[in-house]
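In what follows, a single structure is set out as C-alpha cells and then discussed.
The values are calculated or read from the model by the stated rules, or taken from the named source; none is laboratory data. Worth saying up front: this structure is predicted, and the values here are computed from it rather than measured. Because the Cβ atoms are built from the backbone with ideal geometry, glycine has one as well, and the counts that use them run over all protein chains shown.
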Amino acid sequence: MPVRFAAPAAWIVACAIAFPAMAAEPDPDPDHVPASLLTLDDAFARVAQTHPDLRLMGARSEVLLAERDQATLKPALRAGLEIENALGTGATRGFDAAEVTLTLAGVLERGGKLDARRTLAQSRIDALSVQREAQRLDLLAETARRYLAVAVARDQGDIGRIDVEQRRRTVAAARQRFDAGASPESVVLTAEAALARAELAVERAAQQEQAARQHLAALWGERDPAFQLAAVDPLSIPALADLSELTGWLERTPELARFTDEQRIAEARLQLARTAATPDLDWQLGVRRLQESDDTALVGSVSLPLGASRRAQPEIRAAEAELAVLGLERESRGISLYATLVEAHGRYRVAQREVQRTAQDVLPRLARAERAAERAYRAGAISYLEWAQLQSERTATQRQQLDAALEAQAALIEIQRLTGQPFVAGAGAPAQGTTP
C-alpha cells in the first residue's frame, strides 16, 4: 500500500530547516571532519539505525507475513482408517468378519472464507507501514527535542559566562572605589557574592548540558557520550505557514491515516464474520473391504451443519459495532489533534514574536544602558545597586529570550510531528507550503 505522507527524509529536512544554524562551523581544513561533532541529521540517522522500536516493526512484519501465509491455506485433507466388526464374539470373533475402510475427507469452504481471510491478513500488513511511519515521526520528534535541550543548555552556559565577565568588571570597579575610599567594603562583598552566583549558574548549565547530552545519546544506546553538538542557534526562528494550511496537512497525518487502515481491517473482519453464515460442506470418500466375502465397495458421505446463520449473527454484530466505533474514534482523534495543533501554533506565534521583539528592541537598549551605567558608576554618578540591577536585568532578559526560543522550537517540533510535512520556510522568509 503506498504511504500517504511525507517520507522520513523529507521530515528530517524540515527539522534541519527548523534549526538553520546546525551545520558545522567552517573548518580551515576542508578535508578534516571532526569525529565528535554531532549534527541533528547525524542524531536522526543513529536513532533510525539503532532504536529497538523501529526494529521491532520489522520483526512484527515477519509475524504478519507468516499469519498471511497461514490464512491463505485451504482446509487440510484428512486420511482415515476404519475397522468394523472385529474382535467381537460369536461369528465376529477375530478378524474373520472385519470390514476395513480407507477414507479421504475434507471441508469445502463456502461463502468466500478464503478470500476474506486473505484480505484481513493483507490489510493488517498494510496498516503496519503506517504504524511504522508514525513511530518514526515520534522518534524523530523526540530526538529533535533532546537535541534542542542540549543546545539550549549550552546557550544558557554562554549567557552565564557573559554574566560572569560583567560581574568581574563590577567587582574590579567596586574594589577600585573601595581602595580610593569612595565606597564601603559591603559593596565589594556584594559584588563578589553576585560573581559567585553567576559562576554557580555557569556550573549548573554545564551539568544540565551533560545530562541533556546523555539523555540524547540514550536514544541510540550510547552510555558515555563524547560528541559535541554542531553550531546551533535556537534563537533563529523560521517563518511558519498559516493555521488553515496546517489544518489541511493535518488531515494527512499518520495519526489519522491509521484509522483508514484500521477501518479496512474492521471491514475485512466484518466480511469474514459474514462468511460464517454460510456453512461449510464436510465430505468424505473411501473404499471398504468386506473381509467375509473378500469384496470391496465405495463409500461416501456429505454433511452440512445446521443453524450456521443464527450462530454467526453475534460475531457479525460485534464486527459492525467495531466498525462504527472506529468512525467515532477517528472523529474524536481529529478534534483532539486539531486542538493540539491550534495550541502549538498559538504558542509558536507568541514565542516567535517575543524572541524577535526582544532581539530588536529590548536587548540593544539594555546593552547601551548597562555600558552607560558602568561609566557612570566609575565616575561616581550612580550607586553600585543601580549598575548591578541593570546587569541582572540584561542577563534575565537574555535567559527569558532563550526560554521563549525554546518554547517556539518545541511548538514547531510538535507541529511537524502532527502534520508529518516539511512545510516550514526559512528564517525570515514568508511562510509557504511544500508538496510532499
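Only one entry of A339, A359, A388 meets the criterion of being touching a residue at least 40 places away in the same chain (Cβ under 8 Å) and within 36 Å of the chain's Cα centre (by Cα), and that entry is A359. Among the residues making up segment 271-325, those that are under 38 Å from the mean Cα position of the chain (by Cα), aliphatic (A, V, I, L, M) and closer than 18 Å to E109 by Cβ are L272, A273, I316.
Residues considered: D155, D163, D179, D138. Of these, the only one that is under 20 Å from A381 (Cα atoms) and acidic (D, E) is D179.
Residue under question is A212, and the condition is that it be out of contact with any Cys (no Cβ under 8 Å at 6 or more places or on another chain), farther than 30 Å from Q122 by Cβ, of a type in the set (G, A, S) and assigned to a loop (DSSP other than H, G, I, E, B); does it hold?
no
Can you tell me which of A257, A226, A241 is in contact (Cβ under 8 Å) with a residue 60 or more places away in the chain and surrounded by fewer than 17 Cβ atoms within 10 Å (Cβ to Cβ)? The conditions single out A226. Listed by position, the helices (runs of 4 or more DSSP H) inside segment 4-115 whose residues that are out of contact with any His (no Cβ under 9 Å at 6 or more places or on another chain), at pLDDT 65 or above and surrounded by 14 or more Cβ atoms within 10 Å (Cβ to Cβ) number at least 3 are 40-50, 52-71. Evaluation of I382 against the conditions (1) outside any helix (DSSP H, G or I); (2) touching a residue at least 12 places away in the same chain (Cβ under 8 Å) shows that the sole unmet condition is (2).
Determine whether S236 is part of a helix (DSSP H, G or I), of a type in the set (S, T, N, Q) and over 30 Å from L108 (Cβ atoms). Answer is no for this residue. None of A373, A408 is at pLDDT 85 or above, within 25 Å of the chain's Cα centre (by Cα) and aliphatic (A, V, I, L, M) except A408.
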